[in-house]
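Working notes for the structure below.
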Amino acid sequence: MHDASTAFSQEVLKDGALDEKTKQLIAVAVAHVTQCPYCIDGHTRLASRKGATDREVMEAIWVAAEMRAGGAYAHAAIALDVLDHEMSRADG
């Protein structure tokens with residue numbers, strides 16, 4: 001399984017329609033959303049080795065933060081619906 005996982009990773013992250021640096025920056029962002037410290041470490045290192053600047057890495061992280069916050073904001077509608085229901089129930 002380890003060898004298959006390594007082969008898959010190498011295939012996915014090699015240059016293609018997106019260059020490897022861009023793919024590593026995406027991986028840095030995803031690693032922050034999934035909160036995997038090992039992935040953050042490894043993909044930040046690889047992005048840097050592929051030429052990503054500190055600023056590019058931080059921008060990828062900020063995109064991840066925006067996407068993560070966007071999910072919390074969007075799901076707030078569920079809590080608001082529950083509160084509306086509870087208020088109606090209390091009034092009725």
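The values are calculated or read from the model by the stated rules, or taken from the named source; none is laboratory data. Values in this document were obtained by computation on a predicted structure and should not be read as measured data. Note that we place each Cβ from the backbone using ideal geometry, even for glycine, and neighbour counts take in every protein chain shown. These area figures cover heavy atoms from the full protein model, side chains too; ligands, DNA and RNA do not enter into them. Shrake-Rupley method; radii C 1.70, N 1.55, O 1.52, S 1.80 Å.
Descriptive notes on the structure:
- Positive-end ranking of VAL63, ALA17, GLN35 along the dipole of the chain, with charges on Cβ about the Cα centre, is headed by ALA17.
- C-alpha long axis of helix 37-49 to longest principal axis of the chain, angle in °: 50
- Cα centroid of segment 60-77 to Cα centroid of segment 19-34, whole Å: 16
- Accessible carbon and sulfur surface of segment 19-70 relative to its total accessible area, %, 1.4 Å: 60
- Helix axis angle, 54-91 relative to the chain longest principal axis, alpha carbon, degrees: 20
- Size of charge dipole - the chain - debye, nearest 20, with Cβ of Lys, Arg +1 and Asp, Glu -1, no other charges: 400
- Options (i) 139; (ii) 108; (iii) 95 - which one matches volume of the Cα convex hull per residue in Å³ as calculated here: (i)
- Segment 38-90 shape via C-alpha gyration tensor axes, a/c threshold 1.5: prolate
- With a Förster radius of 41 Å applied to the beta-carbon distance between ASP91 and THR34, the computed FRET efficiency rounds to 0.45.
- Backbone geometry of segment 10-23 corresponds, through the Karplus equation with coefficients 6.51, -1.76 and 1.60 at θ = phi - 60°, to 3J(HN,Hα) couplings of 4, 5, 5, 8, 6, 3, x, 4, 10, 6, 4, 4, 4, 5 Hz, x marking Gly and Pro.
- Cα-based shape type of segment 1-54, given that a ≥ b ≥ c are square roots of the gyration tensor eigenvalues and the cut on a/c is 1.5: oblate
- MRE, 222 nm, helices only [DSSP H, n ≥ 4, -39500 (n - 2.57), over the chain, to nearest 500]: -29000 deg cm²/dmol
- Charges were assigned to the Cβ only: +1 to each Lys and Arg, -1 to each Asp and Glu. The resulting dipole of segment 1-47 about its Cα centre is roughly 140 debye.
- Each peptide in 22-35, 67-80 gets a packing score, the mean of other Cβ atoms within 10 Å over its residues, and the list from highest to lowest is 22-35, 67-80.
- If R0 equals 22 Å, the separation of the Cβ atoms of VAL63 and GLN10 corresponds to a calculated FRET efficiency of about 0.35.
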